[in-house]
Amino acid sequence: MTTQGAHDPAAHAHLLHQVFDAVLAGDRAPAAPRSLVSESWRRSLAAHIDPDQRTPPVVLQDADLPELRTAHPLNAVMPLLRSTLVSIADEAMHVMLVTDADGTILWREGAARLLSSADEVGLQPGTRWTEDAIGTNAMGTTLAVDAPVTIHSAEHLVRTYHAWTCAAAPVHDPDTGAILGAVDISGPLHTVHPAMKQLVVATAQLAENQLRVRLAIEDERLRVRNMPHLASLRGRTGALLTATGRIVAGEPYGEWPERVALRPGTDRVVLDDGREMVVEQLAEGYLLRAPQAGTHAAPRSALSLRFTGEGAPAALLDGRSIPLTLRPAELLTALALHPDGLTAEQLALLLYGDEGNPTTVRGEVLRLRSLIGADVLRTRPYRLAATVDTDFQALARAIRDRRPADALRACAGPLLPRSDAPAIRELRDEMEVGLRGVVLESDDPALLAEFAAHPLGRGDLEVHDRLLALLPPTDPRRGAISARHARLLDG
């Protein structure tokens, strides 16, 4: 018995009610439920779901939702889901629902006239919709079987939802393949349409494709930032891995699997082809390298610094976040730029100018050592005993090598914008001039458009002039760029 393609939804719903009542009573049913549905009923009943249960459990309060939404991977594709589904759902008297992998609704949007009805049956953010929480339903069942499903009327195990039809599809992490959550559209019986399932499937696939593009961009950023680690092997066998074990660069090229399984804390791994590799943790992933005979040096810590942009300075030490205020960030910048080390007097000059006091610097270095450890920040002279990668040095390399796309990816904005330290101001100015120069030099409309939206390019009239000269009249970007260009002229 199928629910799709029924010519009379009301008659079909009536048949489903008869099947439901007969199956639960143990009587002979006028037709067999779909295998998907009967198996879901068995799972739900085994979890002690009562068909007369009213609504699903509330597991999240409204105050908890904003933070969880922001942190969830599907937050990045919500604009796509809204543009694809919400207008259709509004016109068709449906609601769009998006859950996490645990079946908890995080987002709900759609027909305003339907939201009050949805509230009455618990179709609202913060409620859990797994089969063991509320029985057979599109969201819970799609998560259980990892496939798109439609649940119509009395195919729901709980009677509350017999007046509803729902279609859902899972969304997967393009990195690990794990389920991130489910996308669902739900509505009253009279709004049922055979294309509901196809629409949800297509939308879930679009979301996965967008996540895949974002992953590729992040992979490229990681590769650019961490290539110095691979280059330090000087042609010896090695590879860069993401935190989940995917290989993003290798030497020699083409002799690597797509992914390496790494156990937490391991320092050696054997590849499928029998090669043994040393595993070194980086701030954002791992470096694999061939072992060298006779070398038993202790592994160095990995320190990653992200100091460009308007946000707070960010540091990772062996994958652990280190809270930083401005002065420690300035110290780390100076030390990263001088790997051979600096005296207290030299640091004082770089950070305070001619009025700098070495005694003040010694106190600040002591506080920084308490944050990152004496084994990482050494003395006599002050230096970083770690494998260090920074966004500002990745930017400098990209500018030097005339790679504008990599330079833009490396730079989120001005370097430590609140810093007045002489060395920071000088480097910040050099970076901004250098980035602007390589982007303008490229005459690439895509790069110029990206730079025009960048914190360092939004107020640059010459960039907007050049971009408008290069873009064709029909380019959809012209409107926003022209408006910003006009504001720059007025200013």
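The values are calculated or read from the model by the stated rules, or taken from the named source; none is laboratory data. If you're wondering where the values come from, they're calculated on a predicted model, not measured in any experiment. With ideal geometry, Cβ positions are generated from the backbone for all residues, glycine too; neighbour counts draw on all protein chains shown. We work out accessible area using only protein heavy atoms, side chains counted, and drop any ligands, DNA or RNA first. Shrake-Rupley method; radii C 1.70, N 1.55, O 1.52, S 1.80 Å.
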What single numbered condition from (1) of a type outside the set (A, V, I, L, M); (2) modelled with pLDDT of 90 or more; (3) over 27 Å from L230 (Cα atoms) fails to hold for D475?
(2)
Considering only residues that are without any contact (Cβ under 8 Å) to a residue 60 or more places away in the chain and touching a Phe, Trp or Tyr at 6+ places or on another chain (Cβ under 8 Å), look in the range 127-139 and name the one that is nearest to D62 (Cα to Cα).
M139
Checked the range 152-179 for anything closer than 21 Å to P73 by Cβ and open to solvent by 20 Å² or more (accessible area, probe 1.4 Å); matches are H172, D173, P174, D175, T176, G177, A178, I179
Show the residue pairs meeting these rules: Cβ distance below 6 Å; 6+ apart or different chains; first residue within the range 432-453 and open to solvent by less than 20 Å² (accessible area, probe 1.4 Å); second residue outside any helix (DSSP H, G or I) and among the small types (G, A, S).
F451/G457
So which residues in the range 343-365 are open to solvent by 10 Å² or more (accessible area, probe 1.4 Å) and within 38 Å of the chain's Cα centre (by Cα), if there are any at all?
L350, E364
Total residues in the range 101-151, condition β-branched (V, I, T) and open to solvent by 50 Å² or more (accessible area, probe 1.4 Å):
1
Quick check: is even one residue across the range 43-53 assigned to a helix (DSSP H, G or I), modelled with pLDDT under 95, under 23 Å from A118 (Cα atoms) and open to solvent by 60 Å² or more (accessible area, probe 1.4 Å)?
no
Considering L368, L395, which residue is surrounded by 15 or more Cβ atoms within 10 Å (Cβ to Cβ), touching a residue at least 24 places away in the same chain (Cβ under 8 Å), touching a Pro at 6+ places or on another chain (Cβ under 6 Å) and assigned to a helix (DSSP H, G or I)?
L368
Residue identified as open to solvent by 20 Å² or more (accessible area, probe 1.4 Å) and under 27 Å from the mean Cα position of the chain (by Cα) among V248, V279
V248
Where residues in the range 205-228 are without any contact (Cβ under 8 Å) to a residue 12 or more places away in the chain and not polar (S, T, N, Q), which of them is surrounded by the most Cβ atoms within 10 Å (Cβ to Cβ)?
E218
Determine which member of the set R380, R403 is at positive phi and open to solvent by 30 Å² or more (accessible area, probe 1.4 Å).
R380
So, in the range 406-431, how many residues would count as being closer than 26 Å to E355 by Cβ, of a type in the set (K, R) and open to solvent by 50 Å² or more (accessible area, probe 1.4 Å)?
2
